[in-house]
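Have a look at the structure below before the remarks.
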Amino acid sequence: MAKKMEFKTAKRDQVYIKAVITGPSGSGKSYSALRVATGIAEKIGAVGAGGSKIAYIGSEGTRNNYYADEFKYDLIDLEEFSIDTYMEAVNLAISSGYKVLIVDSLTHVWTWVNEQVNNEPRMTSFQAWGKWKPKHRKLMEKILFSPIHVVATARGKDEYIMEEKSGKQVPKKVGMGAQQDKDIQYEYTVAFMLDQDSHLAHAEKDNTHLFELNEVLTEKSGEKLYEWSIKGDAPAKQRKTTDEVETEKLADTKEAIIKRCKELGGQKNKELMRVLKQYEPKKGNPAKIVGLADANECLRALEAVEPLKEGKNE
């Protein structure tokens, strides 16, 4: 029976900060992310598995280490930019006990997704995006809904404008949105755009109302964000991600498959084993089926299999 719908007085819960910093090349995205994350981490005081308060998922090669003499952080230097690789790194940060995570940058995984879409020769662009956009969404949900403070970066779509200096028109590089999925800034607690020359941050979206004036992002910015995040009455809680929901559904479906296998006579039923090996080719082990779609399809296929008759080995 569905839960009765009713209005209740809204109450503020504590939250996990989710911030994204965008800007043109040279605007200071990585450095600003480290300063903000350090401010949050110092307020929390917790230390992760590597001995630092900050986990850093880096996709910028040797540049991931540029500021190791100024900040303390534990680094995963990504060599491959797939959705699964990013997802694994985020999960590792959480399971290792870190409370603050930097993802630098989101642009590389978005570029990877675009490459996958372009490499689907038998699909229209619409069909290819229909396949890959939900997969990318799972990663975004993992970042946005996981119980960890996140400061992410994304490269700006660099463009040049003409600006007057000393009576002359000179070109200036500016970031026009992010090299990421559109409207990414709406997903975060606060979304900053950095200026290349001044490194001032403009809050394009700010649920905190802490950054109404342009300012350089520092450790103080992180401290302000953390203090805002813990003002709620109840401890921070996050909704389940699509990935977590699918994992739970997969476990339930596997349980239903195993129950059906017992009803059909188990391994003695050759038709049963033939069906199972379509989804787990090695041994036909239902517990080893990967993916909710395959598990659901397998369960449907097993509904059409006849059970063993008494004393008969089919």
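The values are calculated or read from the model by the stated rules, or taken from the named source; none is laboratory data. Quantities reported herein were computed from a predicted structural model and do not represent experimental measurements. Virtual Cβ from ideal backbone geometry, glycine too; neighbours counted across all protein chains shown.
Quick notes on this structure:
- In the range 192-203, the residues that are surrounded by 17 or more Cβ atoms within 10 Å (Cβ to Cβ) and among the charged types (D, E, K, R): 195
- Within the range 285-296, residues that are over 19 Å from residue 270 (Cβ atoms) sit with their Cβ atoms under 8 Å from residues that are among the hydrophobic types (A, V, I, L, M, F, W, C) and surrounded by fewer than 16 Cβ atoms within 10 Å (Cβ to Cβ), at 6+ positions apart or across chains, in these pairs: 287/258.
One line per residue, one yes/no per condition, for (1) under 28 Å from residue 147 (Cα atoms); (2) buried (at least 19 other Cβ atoms within 10 Å of the Cβ); (3) modelled with pLDDT of 90 or more:
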{"site": "184", "(1), (2), (3)": "yes, yes, no"}
{"site": "187", "(1), (2), (3)": "yes, no, no"}
{"site": "190", "(1), (2), (3)": "yes, yes, yes"}
{"site": "209", "(1), (2), (3)": "yes, no, yes"}
{"site": "219", "(1), (2), (3)": "yes, no, yes"}
{"site": "234", "(1), (2), (3)": "yes, no, no"}
{"site": "247", "(1), (2), (3)": "yes, no, no"}
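- Lone qualifier among 167, 156, 177 - being at pLDDT below 95, in contact with a helix residue (DSSP H, G or I) (Cβ under 9 Å, 6 or more places away or on another chain) and either at positive phi or basic (Lys, Arg) (or both): 177
- The lone exception for residue 269 - which of (1) among the polar types (S, T, N, Q); (2) more than 30 Å from residue 298 (Cβ to Cβ); (3) free of Cβ contacts under 8 Å to residues at least 60 places away in the same chain it fails: (2)
- Within the range 1-28, residues that are touching a residue at least 60 places away in the same chain (Cβ under 8 Å) and over 20 Å from residue 67 (Cα atoms) sit with their Cβ atoms under 7 Å from residues that are surrounded by fewer than 23 Cβ atoms within 10 Å (Cβ to Cβ) and basic (Lys, Arg), at 6+ positions apart or across chains, in these pairs: 12/231; 13/237.
- Residue list for the range 78-126, filter: without any contact (Cβ under 8 Å) to a residue 24 or more places away in the chain and in a loop (DSSP other than H, G, I, E, B): 79, 80, 119, 120, 121, 122, 123, 124
Conditions tested, residue by residue: (1) in contact with a Gly (Cβ under 9 Å, 6 or more places away or on another chain); (2) surrounded by fewer than 17 Cβ atoms within 10 Å (Cβ to Cβ); (3) over 23 Å from residue 35 (Cα atoms).
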| position | (1), (2), (3) |
| --- | --- |
| 63 | no, yes, no |
| 67 | no, yes, no |
| 84 | no, yes, yes |
| 92 | no, yes, no |
| 120 | no, yes, yes |
| 123 | yes, yes, yes |
| 130 | no, yes, yes |
